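Okay, structure first, notes after.
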Amino acid sequence: MGSFPHFFLRLFSNPVLLSLPTHLIARLERFPVAGETIEGNHFLQAMGGKGANQALAAYKLGGDVKFITSLGKDVNGENTLKYYRREGLDVEASLIVEDTPSGTAMIWVDAEGENCIVITPGANKKLSPKYILENKDEIISADILLLQMEIPYQTVKTICDIAYRAGKKVILNVAPACKIEAEVLQKVDVLVVNETEAEVISGTTIDKMGMEGVVDRLLSLGVKSVVLTLGKKGCIMKGQDQQFVVPAFSVKAVDTTAAGDTFCAALAAELGRGHDWEQALRFASAASAICVTRLGAQPSIPSVEDVFAFLQKQEVNQGDN
């Protein structure tokens with residue numbers, strides 16, 4: 001496949017998840033109902049969090065990444081920074097707060113690979129617009145900024161303002177789902193949403209408008225390109241002058257926890273390398289497919305070599321058919 005030039009990617013995200021030094025993951029046959037105690041069949045502790053997942057995934061998939069988060073000045077925060085430094089991520093611009101603990105998450109995964117997650121944000125909520133403005137050079141020196149909605153909304157808005165004025169590309173993954181003002185969307189180059197998130201932002205439903213109708217509504221709000229992820233059904237990308245439908249790869253799902261984060265990171269990595277939309281979406285879909293076949297958030301993230309091998313195998317299999 002040859003070598004790829006590195007690009008400088010700033011990942012701003014929810015220190016809630018990204019600040020989690022530990023995900024407590026339990027596998028069980030089914031989710032319990034209220035008041036019920038059931039027995040799990042597997043337990044795993046691992047690093048995770050949306051921003052952290054995306055940062056590490058972008059790095060493993062070939063990006064030159066700087067990760068900005070907010071952590072408590074506690075054992076969890078200290079261990080988190082040590083871990084990401086060992087992994088090779090630049091976390092030196094992160095905010096450390098003394099009066100708030102680092103975030104935590106508890107994750108249940110059922111036999112079908114679906115998950116339920118409870119997060120406690122903690123220091124995640126302390127990543128303020130003021131801190132971003134004090135460190136705006138980190139944004140200005142980046143090529144691409146990848147954001148999620150687990151930091152305060154006003155912080156996301158501030159980052160988009162700075163990036164827009166500096167002519168930097170913004171990829172916004174609206175997870176968790178929330179309303180976004182049109183003035184923010186107009187500064188977003190790539191909006192990545194699932195069906196629920198698309199409906200919340202657009203103010204309409206897929207049942208009423210159809211998938212393409214909802215995507216068109218989002219584009220009408222000023223977003224340059226929309227990527228609608230559809231799980232097992234793949235994804236749709238639509239911009240001002242191009243559109244792609246990319247089917248998902250068929251794999252046996254074990255845990256879907258970090259699939260969306262891996263998709264976003266892989267998409268950023270490929271677009272940062274200057275590849276076209278069709279190639280970038282296929283690469284991101286392959287990375288996400290590999291991710292769901294493994295247990296845990298960050299332990300499931302593939303390397304760029306894993307993705308190339310997976311795609312090559314798919315081509316061989318198609319040639320044999």
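Any read-out appearing in this document is the output of simple, stated calculations on the displayed coordinates, not a laboratory observation. All values derive from a computational prediction rather than experimental measurement. Because the Cβ atoms are built from the backbone with ideal geometry, glycine has one as well, and the counts that use them run over all protein chains shown.
So if I take the centroid of the Cα atoms in segment 252-315 and the same for segment 136-193, what is the distance between those two points in Å? Cα centroid of segment 252-315 versus Cα centroid of segment 136-193: 22 Å apart.
Looking at segment 199-306, the trypsin sites (Lys or Arg not before Pro) that sit in a DSSP loop and have at most 14 other Cβ atoms within 10 Å of their own Cβ are K252. Segment 32-51 and segment 206-238 have Cα centres lying 32 Å from one another.
Among the listed pairs K130/K157; K125/K168; K73/K187, those whose Cα-Cα separation exceeds 22 Å are K125/K168; K73/K187.
Using Cβ point charges alone (K and R +1, D and E -1), the dipole size of segment 27-106 about the Cα centre works out to roughly 280 debye. Placing +1 on each Lys and Arg Cβ and -1 on each Asp and Glu Cβ, with no other charges, gives segment 179-321 a dipole about its Cα centre of roughly 180 debye. What FRET efficiency, computed as 1/(1 + (r/R0)^6) with R0 = 30 Å and r the Cβ-Cβ distance, is obtained for T293 and Q186, rounded to the nearest 0.05? Efficiency, rounded to the nearest 0.05: 0.20. If you sort the three axes of the alpha carbon gyration tensor as a ≥ b ≥ c, you get a/c of 1.5 or more for segment 255-313 and a/b above b/c, which makes it prolate. Modelled this way, with points 7 Å down the Cα-to-C-beta line, the labels at Q318 and D241 are 2.6 nm from one another.
Say a site is exposed when it is one of the GluC sites (Glu not before Pro), sits in a DSSP loop, and has at most 16 other Cβ atoms within 10 Å; what is then the longest site-free stretch of the chain? By the stated rule (loop sites, at most 16 other Cβ atoms within 10 Å), 182-321. Taking Cα centre as origin and charging only the Cβ of basic (Lys, Arg, +1) and acidic (Asp, Glu, -1) residues, the dipole magnitude of the chain rounds to 400 debye. Computed over the Cα atoms of segment 142-225, the ratio of the radius of gyration to the Kirkwood radius (Rg/Rh) comes to 0.96. When the Cα gyration tensor is reduced to axis lengths a ≥ b ≥ c, the ratio a/c stays below 1.5 for segment 44-182, which is therefore classed as rounded.
The GNM of the chain, with springs linking C-alpha atoms under 10 angstrom apart, assigns the highest mean-square fluctuation among I290, I206, I151 to I206.
In this calculation the C-beta distance from M106 to T205 is compared with R0 = 30 Å, giving a FRET efficiency of 0.45. Ordered by the number of other Cβ atoms lying within 10 Å of each residue's own Cβ, fewest first, F308, F283 fall into the sequence F308, F283. For the options V97, V190, V226, a Gaussian network treatment of the chain with springs between C-alpha atoms closer than 10 Å singles out V97 as fluctuating the most. Segment I96..E39, full-extension length gain: 16.8 nm, with 0.36 nm per residue of separation and the alpha-carbon distance subtracted. Along the axis of the charge dipole computed for the chain (Cβ charges of +1 for Lys and Arg, -1 for Asp and Glu, origin at the Cα centre), the listed residues Q298, V65, T205 are led at the positive end by V65. Extension gain, D216 to S250, is 9.4 nm, computed as 0.36 nm per intervening residue step minus the present C-alpha separation.
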